[in-house]
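Working notes, beginning with the structure itself.
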Amino acid sequence: NNSVQRGGRTGQLRRQSKRRQRFYRGRRNNRYQQDDPKKDPSVEVDEEWKLVNTIELSALRVALQVNEGETLVSCGEVMEWDASYERVNPRGPVDLRPAPDVQVFTTTTSEDPVIRELADQKKGNIFVTDTIAATLMCAPFSTHSWDVVVTKKNGQIFFDKRLNSRMDYLTVNENWNESKETEKESVNHTRRLSEEATFINHNFMNQVVKGNPVTMQRKNPFLDAVQPPMKPAPIAYHYRRWDLSGGRNLVIRCEINGYETRKGARKFFIARAINEWNSKLSGNIDYRLKLESQSGAVLAGEMKNNTNKLAKWTTKALISGADQLKLGYVTRVNSSSNISHHILMTQRYKAKDFANLMGIKTMVLWGTLSKIISAINDQPDGSYLILRDPSEAVLNFHAIPEDAFDHETGNDEMETVQEE
């Protein structure tokens, strides 16, 4: 027996030794390093900007009961879900089609004409987009640095993003197994992966709907920015309001990607795609081999690697009032190229069911946002920067000049094109 135990221990050490050899081989390769690529702040903080508050991310996990929101205004148009995508599988994948003539709008809160109108009408006193709201509500899940600009003035609060913010770009493996590639031109560098995932999602949203658009109460508020031959993405915007108690009336612009008719009723959904880039490098389960037989294991792996991204998608589905989250699985046609992709499968989830799968409690999402709003309410009127610290699990609140980011030049429209 002793010899068996000793042999088992030796085998275990041998396996560990091989793992260590692979690890050090990776370190010797100068294109890969074990330094954490997440240490840079999303924006440089001027030494003149006063730090007025710091909140630990763990302290944001508080619960607040909030009643269902009401939709004040709906704009834009949506198309119908194409049910043929429910029959797609890894044995019969579908090409993901680029949509180079489609424009996606990511206009920040205070530049949204509908939000300005609702603010003038005193329909709320706190205003934000769903992307910014989800970033704040899911702050405890984040590991990368990000920032939000806040303006508090005359009893109203606006949460905005900077012109040069990368908030609209999706992270890839932010929470686990992040790419260690340091060659910036590599298709597996974190920045290139982020751009790839973002454009995959734009194209996926555009591709999985069909038919004639259904128009909301009003036209798309951003049409004036469309330059022919471009056309706006088929997205609806629901401007929804919640009572957060204490005289706090929150208005969020929420996006809807499409609808389907079920039992005679029109049900809205949001559509998103998780994407595989290289299962050998990412620690993901190989989509083509396992998606059909072990889709639960594939999704569990994605929830581990991309907790924050999936939490934000879940949050957007919950606050938008959408009935479902349509989830696509997309992979590269060739793992060494980020240009061509296949849709391998789609799944449908009730928004609340997916939240349960993620272990996300809606009351905690609202509690997190409420705590951040209270931190701003505690400050005098002015402009503020909320910065997710790059190295510590805290939010830093800085008082900043009103013109702190006037020098930035950015673009509020993102075209749904693949990289050349």
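Contact map, the range 299-313: residues that are closer than 11 Å to residue 177 by Cβ paired with residues that are aromatic (Phe, Trp, Tyr) and buried (at least 21 other Cβ atoms within 10 Å of the Cβ), Cβ distance under 9 Å, separation 6+ or inter-chain. Pairs shown: 302/329.
Just the residues that are exposed (fewer than 14 other Cβ atoms within 10 Å of the Cβ) and either basic (Lys, Arg) or in contact with a Leu (Cβ under 7 Å, 6 or more places away or on another chain) (or both), please, taken from the range 38-53. Passing the criteria: 39, 50. Residues of the range 159-203 that are among the aromatic types (Phe, Trp, Tyr) and more than 26 Å from residue 404 (Cβ to Cβ): 176, 199.
Residue 311 passes every criterion in (1) of a type in the set (A, V, I, L, M); (2) farther than 24 Å from residue 194 by Cα; (3) assigned to a helix (DSSP H, G or I); (4) open to solvent by less than 50 Å² (accessible area, probe 1.4 Å) apart from (2). One residue stands out among those in the range 136-153 that are open to solvent by less than 10 Å² (accessible area, probe 1.4 Å) and touching a strand residue (DSSP E or B) at 6+ places or on another chain (Cβ under 9 Å): the one that is nearest to residue 172 (Cα to Cα), which is 142. Would you call residue 195 over 21 Å from residue 317 (Cβ atoms), open to solvent by 50 Å² or more (accessible area, probe 1.4 Å) and at pLDDT 95 or above? Here the answer is no, as residue 195 does not meet what is asked.
From the list 206, 220, the one residue that fits, being open to solvent by 30 Å² or more (accessible area, probe 1.4 Å), over 25 Å from residue 369 (Cα atoms) and in contact with a Pro (Cβ under 8 Å, 6 or more places away or on another chain), is 206. Here residue 374 clears all of (1) under 30 Å from residue 45 (Cβ atoms); (2) assigned to a loop (DSSP other than H, G, I, E, B) except the condition numbered (2).
Against the test of being touching a residue at least 60 places away in the same chain (Cβ under 8 Å), out of contact with any Phe, Trp or Tyr (no Cβ under 6 Å at 6 or more places or on another chain), within 20 Å of residue 208 (Cα to Cα) and hydroxyl-bearing (Ser, Thr, Tyr), the options 370, 340, 336, 282 yield a single qualifying residue, 340. Residue 83 passes every criterion in (1) open to solvent by 40 Å² or more (accessible area, probe 1.4 Å); (2) closer than 26 Å to residue 364 by Cβ; (3) of a type outside the set (D, E, K, R) apart from (2).
Being at pLDDT 95 or above and closer than 30 Å to residue 374 by Cα is a description that applies to residue 256.
Residues that are touching a residue at least 24 places away in the same chain (Cβ under 8 Å) and of a type in the set (Asp, Glu) number at least 2 in the following strands (runs of 3 or more DSSP E) confined to the range 51-143: 70-81.
Residues in the range 240-258 that are more than 9 Å from residue 320 (Cα to Cα) and of a type in the set (Lys, Arg): 241, 248.
Only one of the listed residues (158, 105) is open to solvent by 10 Å² or more (accessible area, probe 1.4 Å), modelled with pLDDT of 95 or more and aromatic (Phe, Trp, Tyr). That residue is 158. Taken over the range 314-359, the residue count meeting the criterion of being open to solvent by 10 Å² or more (accessible area, probe 1.4 Å) and closer than 21 Å to residue 60 by Cβ is 5.
The values are calculated or read from the model by the stated rules, or taken from the named source; none is laboratory data. Only a predicted model underlies this, so the values are computations on that prediction, with no experimental measurement involved. Cβ coordinates were reconstructed from backbone atoms using ideal geometry, including for glycine residues, and neighbour counts include every protein chain displayed. Just the protein is used for accessible areas: all its heavy atoms, side chains included, with ligands, DNA and RNA removed. Shrake-Rupley method; radii C 1.70, N 1.55, O 1.52, S 1.80 Å.
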